[in-house]
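Shown next, in structure tokens, is the structure this report addresses.
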Amino acid sequence: MAKAGDKKGSNRPALALHVPEPHYRPGDEADFSHIVVPEAGSAPRPDEACDAKETHPLCDDLIRVLGDDNKAHGPWDPRLDADTLRRMLREMALVRAFDNRMYRAQRQGKTSFYMKCTGEEATSVCATHALAADDMIFPSYRQQGCLIARGYEPVEMINQIYSNKADKLKGRQLPIMYCSKRLSFFSISGNLATQLPQATGFAMASASKGDSRIAATWVGEGSTAEGDFHSALVFATVYNAPVIFNVINNQWAISSFSGFAGGERATFAARAIGYGVAGLRVDGNDPLAVYAAERWAADRARSNGGPTLIEHFTYRAEGHSTSDDPSAYRSAEEGTAWPLGDPVKRLMDHLIDMGEWSEEQQEAQDAELDQMVKDAQKDAEKNGILGHGLHHPFHTMFEDVYEDLPWHLQEQADQAIREREIKFPEGLKK
Ligand SMILES: Cc1ncc(C[n+]2csc(CCOP(=O)(O)OP(=O)(O)O)c2C)c(N)n1
């Protein structure tokens, strides 16, 4: 019998630690043939009122509606009219035009930071269309599409990005961390995953008041590794809270691939099984499938069927943010090799196939949207850009939190203002 600390003679195998490694690194050829892409229309659609268990086989499937033939297939086809489809297409294209211009604005030094959502537009725009206008959205930082789908003005977004004197958040948030009470869009938090328990809490409050508003939240697959994910799902399942968890699996969390959040072992949708909530796994680049899944979950939540976790399987086509260089850690070929295509092009091709749109109309719309964002940018620049000094007055940082400023903060405010007067005498004020 071996004694403690006596390794000699032991024939037990040595333990080995598994450290996940992505399939492809810079310079590698990217081949996604291991990803199972089922036929569009092949996934069954259970009734919204079904037992959560009935959805669980879908956690290993992939709900797809738009086929390679550009037609809508199967029971998940939401049968939207052409006007709604054109509106979703326009808003996705607007998000892309906005992202491209703001990325350039950061490179031109007009703001310190920007984050694009290229390739993921459907997961925010089309999901928002499936919600009621006053359902509460608890976003992460890549859901500019939700705000655009609710009609937020690009100029307001740019004012926030520039932290200028018209920024409604008074420069107190990192660029792109928007918030709009009017549009039921909760304040974005830079601390990952805090929005999940907040969404569950809102949903519980809404239900306990007998209200009709549900909550929908978005989170990256990497952030599901946070403890907040667990707390949010436990409370949601225990109290059958009317909340939708949208997990955006775009394969990467900055430079960590999805394997570091558990993606090698099970799908992210499959986490629903352990909590006993409904779970769906959807092609996140298929605008119709995204709409249909979100609508299913919203109808279920609104009729007291409880929470749903939706994994949107997609790809982050660009860098994490303007501070990131993905060519340092992933194969440059991944974006083009991604098997689920581009959501904007897929919806455009579908509308063209229906005889409701044309490439010429798309081109003209792209030019119009680009001009629209350019005009909004010009208007926002009148209110100031990074470093031009046109921001909210310095002392406002001490306002809006307390009704009566506590003495120690008052002291700090007085001291800061005095020091500022010395550093920046009249005429040199920054
Ligand atoms: C609590 C916390 N940990 C770490 C970070 C740093 N951080 C910011 S974004 C990010 C990656 C998140 O990836 P994912 O959740 O997959 O979302 P994606 O960026 O892909 O949309 C990390 C680690 C943070 N902001 N907050």
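No value in this document is a laboratory result; all are computed from the given coordinates. Because the structure is a prediction, the values reported are computed rather than measured. Reconstructed Cβ throughout: ideal geometry from the backbone, glycine too, with neighbour counts over all protein chains shown.
Assorted remarks:
- Ignoring lysines fewer than eight residues from LYS423 along the same chain, the ones with Cα atoms less than 27 angstrom from its Cα are LYS110, LYS165, LYS170, LYS382.
- Euclidean distance between Cα centres, the range 52-114 to the range 268-308, Å: 16
- Global form of the range 1-103, assessed from the alpha-carbon gyration tensor, a/c cut-off 1.5: prolate
- With 0.36 nm allotted per residue and the present C-alpha distance subtracted, the GLU264-ARG79 stretch has 63.1 nm of extension available.
- Annotation note: trypsin sites (Lys or Arg not before Pro) in the range 1-102 located in DSSP loop regions with a Cβ neighbour count of at most 12 within 10 Å are LYS3, LYS7, LYS8, ARG79.
- Contour minus Cα-Cα distance for CYS50 and ILE254 (0.36 nm per residue): 69.7 nm
- Stretchable slack from LEU390 to ALA205, in nm (0.36 nm times residue separation minus alpha-carbon distance): 62.6 nm
- Sites ALA132 and LYS168 - FRET efficiency at Förster radius 22 Å, r taken between beta-carbons, to 0.05: 0.40
- Spacing of the modelled spin labels on ASN70 and SER187, each 7 Å from Cα toward Cβ, amounts to 4.6 nm.
- Per-selection Kirkwood Rh - the range 270-413 (Cα, Å, 1 d.p.): 21.0
- Computed label-point distance, nm, for sites TYR329 and TYR239 using a 7 Å Cα→Cβ extension: 3.6
- Packing-based order for 389-400, 24-35, 226-237, using average beta carbon neighbours within 10 Å, highest first: 226-237, 389-400, 24-35
- Here the contact order of the range 1-123, divided by its residue count and restricted to Cα pairs under 8 Å and six or more residues apart, works out to 17 percent.
- The ellipsoid equivalent to the alpha-carbon distribution of the chain has semi-axes of 37, 30, 25 angstrom, derived from the gyration tensor eigenvalues as √(5λ) and listed largest first.
- Helix-derived mean residue ellipticity, 222 nm - over the chain, DSSP H n ≥ 4, -39500 (n - 2.57), to 500: -11500 deg cm²/dmol
- Remark: the chain carries a charge dipole of roughly 1360 debye about the Cα centre, counting +1 on each Lys and Arg Cβ and -1 on each Asp and Glu Cβ.
- Across the chain, Cα pairs under 8 Å and at least six residues apart give a relative contact order of 23 percent.
- Our summary of shape: the Cα atoms of the range 230-355 have principal axis extents of 45, 44, 26 Å, ordered from largest down, in whole angstrom.
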